[in-house]
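One structure is given below, encoded as structure tokens.
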Amino acid sequence: MATVKDVNEAFVEKGLHIELPFPQDWLVKKMEILEKKDTSDSVGVLLALKLIDDKGKEVSELYYGKSSVKRERKARDINVQILPKTDLLPLRPKSDFDSDDEAKRHSKGAFTHLLKDKGYEIWGDNLLHAIEPSIHSLLESGSLDIYAEKDGRGFIAGVALRSNKEDASEKVRELVELRKKHGNLYDYGLVIPAFQDTLGVKWRDQDFWVMVNNEYLSIHRIGLFAVDNLDPNRIYPFTIYPKERELFRYMVNASRQWSVVRGRYLQERAASAGR
């Protein structure tokens, strides 16, 4: 079997700037291309990997890599936009939130709808079988906000309205404790509003919180997902994607949109402030 280092070197030899984000001495038992997307100047691949870690344990991961490429432009090169969801929710009339309740309903409802769209069963809806007692207790108390399952694999998520120590960081702490207890049996995520200035968090402070906590979230395999204030069908991932393939593909597609949406939002805010 090839090592991660061997595979990364093979990518380089083919002119691809794609690097598997795993220790160089891990073995690659199997690598399957689930999806490939070509444009005139880039190539993206969604890989299903089976790896052997340094303890001899088999690890399954999904990884999306994208690389710029040099090639002749052809008239038939077309960038196809994939519709990320099959069933769309209506847009909100404004990006501001009038209350915490409104912001939480929007964020929780959008993420729950995405999970349903990708084939998950939702706790409190049509998911009727018994849930692990500690998770059930947290859902009942409101410490956790979303639990869903697909093909026997659960997704646990909390909703935080403000990216600060009192709200988002506390939710992260709860999710990390759950992962320490249950390990890789579940996917874990924190859901936040994409823009929180009307909730009292300036965008600079929100950006700083994400930057400071990004590595910590990634180490503990906690996804961070921001729901667009206007469009509940757009959810932007900042950290680790879930293992379920259809949800993973949605997140890969949505991650490319964040920088554009963020820039547009800040321009609109600056323009309105200058009036």
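Restricting attention to segment 26-61, the residues being within 21 Å of the chain's Cα centre (by Cα) and of a type in the set (S, T, Y) number 1. Among the residues of segment 210-224, those that are in contact (Cβ under 8 Å) with a residue 24 or more places away in the chain, surrounded by fewer than 21 Cβ atoms within 10 Å (Cβ to Cβ) and not aliphatic (A, V, I, L, M) comprise N213, N214, Y216, H220, R221.
Within segment 225-240, one or more residues are crowded, with 17+ Cβ neighbours inside 10 Å, more than 25 Å from E102 (Cα to Cα) and within 11 Å of the chain's Cα centre (by Cα). Out of curiosity, is L114 outside any loop (DSSP other than H, G, I, E, B), among the aliphatic types (A, V, I, L, M) and at pLDDT below 90? In short, no. Within segment 39-55, residues that are in the same structural domain as D25 (by TED's automatic domain parsing) and among the aliphatic types (A, V, I, L, M) have Cβ atoms under 9 Å from residues that are at pLDDT below 80 and part of a loop (DSSP other than H, G, I, E, B) in these pairs: V43/V69; I52/M1, counting only partners at least 6 apart in sequence or on another chain. For segment 1-48, filtering for residues that are of a type in the set (V, I, T) and within 14 Å of S68 (Cα to Cα) leaves 5.
Among the numbered conditions (1) out of contact with any Pro (no Cβ under 9 Å at 6 or more places or on another chain); (2) closer than 15 Å to G65 by Cα; (3) among the hydrophobic types (A, V, I, L, M, F, W, C), the only one that M251 does not meet is (1). Every condition in (1) within 27 Å of F97 (Cβ to Cβ); (2) under 19 Å from the mean Cα position of the chain (by Cα); (3) of a type outside the set (A, V, I, L, M, F, W, C) is met by R179 except one, and the failing one is (1). Being at pLDDT below 85 and touching a Ser or Thr at 6+ places or on another chain (Cβ under 8 Å) is a description that does not apply to V80. A single entry from D125, D96 fulfils the requirement of being at pLDDT 70 or above and either part of a loop (DSSP other than H, G, I, E, B) or not assigned by TED's automatic domain parsing to the domain that holds K243 (or both): D96.
Please verify whether A194 is over 10 Å from the mean Cα position of the chain (by Cα), surrounded by 13 or more Cβ atoms within 10 Å (Cβ to Cβ) and either of a type in the set (A, V, I, L, M, F, W, C) or not assigned by TED's automatic domain parsing to the domain that holds S107 (or both), treating the condition exactly as stated. Judged against the criteria, A194 is a match.
Listed by position, the helices (runs of 4 or more DSSP H) contained in segment 157-275 that have at least 1 residues being closer than 18 Å to L139 by Cα and modelled with pLDDT under 95 are 168-182.
Among the conditions (1) loosely packed, with under 14 Cβ neighbours inside 10 Å; (2) of a type in the set (D, E, K, R); (3) at pLDDT 70 or above, the only one that K50 does not satisfy is (1).
The values are calculated or read from the model by the stated rules, or taken from the named source; none is laboratory data. These figures come from a predicted structure and were not determined experimentally. Cβ: placed from backbone, ideal geometry, glycine included. Neighbour counts: every protein chain shown.
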